[in-house]
1. Looking only at the range 42-57, which residues are under 23 Å from the mean Cα position of the chain (by Cα) and open to solvent by 50 Å² or more (accessible area, probe 1.4 Å)?
2. What number of residues within the range 234-264 are more than 16 Å from the chain's Cα centre (by Cα) and outside any loop (DSSP other than H, G, I, E, B)?
3. Among the candidates Ala212, Ala183, single out the residue that is at pLDDT below 95 and of a type in the set (A, V, I, L, M).
4. Here's a check for you: in the range 161-180, which residue that is in contact with a Phe, Trp or Tyr (Cβ under 9 Å, 6 or more places away or on another chain) and under 20 Å from Ile13 (Cβ atoms) is modelled with the lowest pLDDT?
5. Output the number of residues of the range 85-102 satisfying the condition of being surrounded by fewer than 21 Cβ atoms within 10 Å (Cβ to Cβ) and touching a Phe, Trp or Tyr at 6+ places or on another chain (Cβ under 9 Å).
6. Working only within the range 203-233, note down all residues that are among the small types (Gly, Ala, Ser), surrounded by fewer than 18 Cβ atoms within 10 Å (Cβ to Cβ) and part of a loop (DSSP other than H, G, I, E, B).
7. Give just the number: which of (1) farther than 21 Å from Val21 by Cα; (2) at pLDDT 95 or above does Ile136 not satisfy?
8. Only one residue in Thr283, Thr291, Thr279 is of a type in the set (Ser, Thr, Tyr), at pLDDT 95 or above and more than 25 Å from Gly11 (Cβ to Cβ). Which one?
Amino acid sequence: MKRVAILGSTGSIGTQALDVVRMHPEALRVTGLAAHSNGGLLQEQAAEFSPKHLGMYNADVASQIGALAGMDGLIEIATCEDVDLVVVSVSGMIGLRPTIAALDAGKVVALASKEVLVAGGSIVMPKATPNRLRPIDSEHSAVLQCLQGERPDQVNQIILTASGGPFKGWSRERLETVTVEQALNHPTWCMGGKITIDSATLMNKGLELIEACWLFDISPDRVQIIVHPESIIHSMVKFDDGSVIGQLGHPDMKLPIQYALLGPERITSPSKPWSPIDTPNLTFEPLDEVTFTLPS
């Protein structure tokens, strides 16, 4: 039985992580939950899962519901003795200090907040002994799965896939007219607001490239980004012999979340199983580095 704390439990990743817990009560138990400011939903989650520890980043809301407050509260939950694994799915840089604290306390960290490694990879990775930092990002989870049983020194290239977002094929001139609603209308993934906007601009792929370099100890010139609109192949690894191994599945974050929580065990997940008949045509395009580039 793994005792799990979820930092960011009311967000997209956090709520889906709880779906995984619901499916596997024999293997996972929630001992800590923390959110940014959604006190109502956090209380509903607490009523269902009965965690021992509750945290709220917003101090005013924390005082209203009797939760641990602010950054200190997140760190306290991440380092509690009755926590084995910490899901870090808070937005942006907020997750850096709890991640470091959890690793220092000997916890396993399932990391969804890519900014933690983008900003603090040089601090975090030396603390992350093998198998104690598990990526939740679908792309990096896919790479991790492709590397199981393989020799890292025989990896030639990591290939990260991108859907292309809602503006694939648009010109720079047309992009000047986009609305927030259009940017939040992702064609294949259902995600939180920040990552959806980052995906619309393809900025998210830049962050993922940096994250991949830290996670898999590989140089940026050996990470390729390709556009794969169907979002079925989540990433691939090319080896020195020319072989390419990929991880496939429907665009559903519950599968990489479950792999981060329970992998390398392969048991039934809340995700819909994929069949080649579901999407018989898989396509690939080069990244449009002309349109999706900051103006000089």
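1. Tyr57
2. Residues of the range 234-264 more than 16 Å from the chain's Cα centre (by Cα): 236-246, 248, 264.
Of the ones still in play, those that are also outside any loop (DSSP other than H, G, I, E, B) are 236-239, 244-246, 248.
The total comes to 8.
3. Exactly one residue qualifies, and that residue is Ala183.
4. Checking each candidate, the answer is Gly165.
5. The qualifying residues number 1.
6. Ser219
7. Single failed check for Ile136: (1).
8. Values: Thr291 fails: at pLDDT 95 or above; Thr279 fails: at pLDDT 95 or above.
Selected residue: Thr283, the only one of Thr283, Thr291, Thr279 that is of a type in the set (Ser, Thr, Tyr), at pLDDT 95 or above and more than 25 Å from Gly11 (Cβ to Cβ).
The values are calculated or read from the model by the stated rules, or taken from the named source; none is laboratory data. Keep in mind the model is a prediction, meaning the values are calculated, not measured. Here the Cβ is made from the backbone with ideal geometry for all residues, glycine too, and neighbour counts use every protein chain on show. The area values use the complete protein model at the heavy-atom level, side chains included, leaving out ligands, DNA and RNA. Shrake-Rupley method; radii C 1.70, N 1.55, O 1.52, S 1.80 Å.
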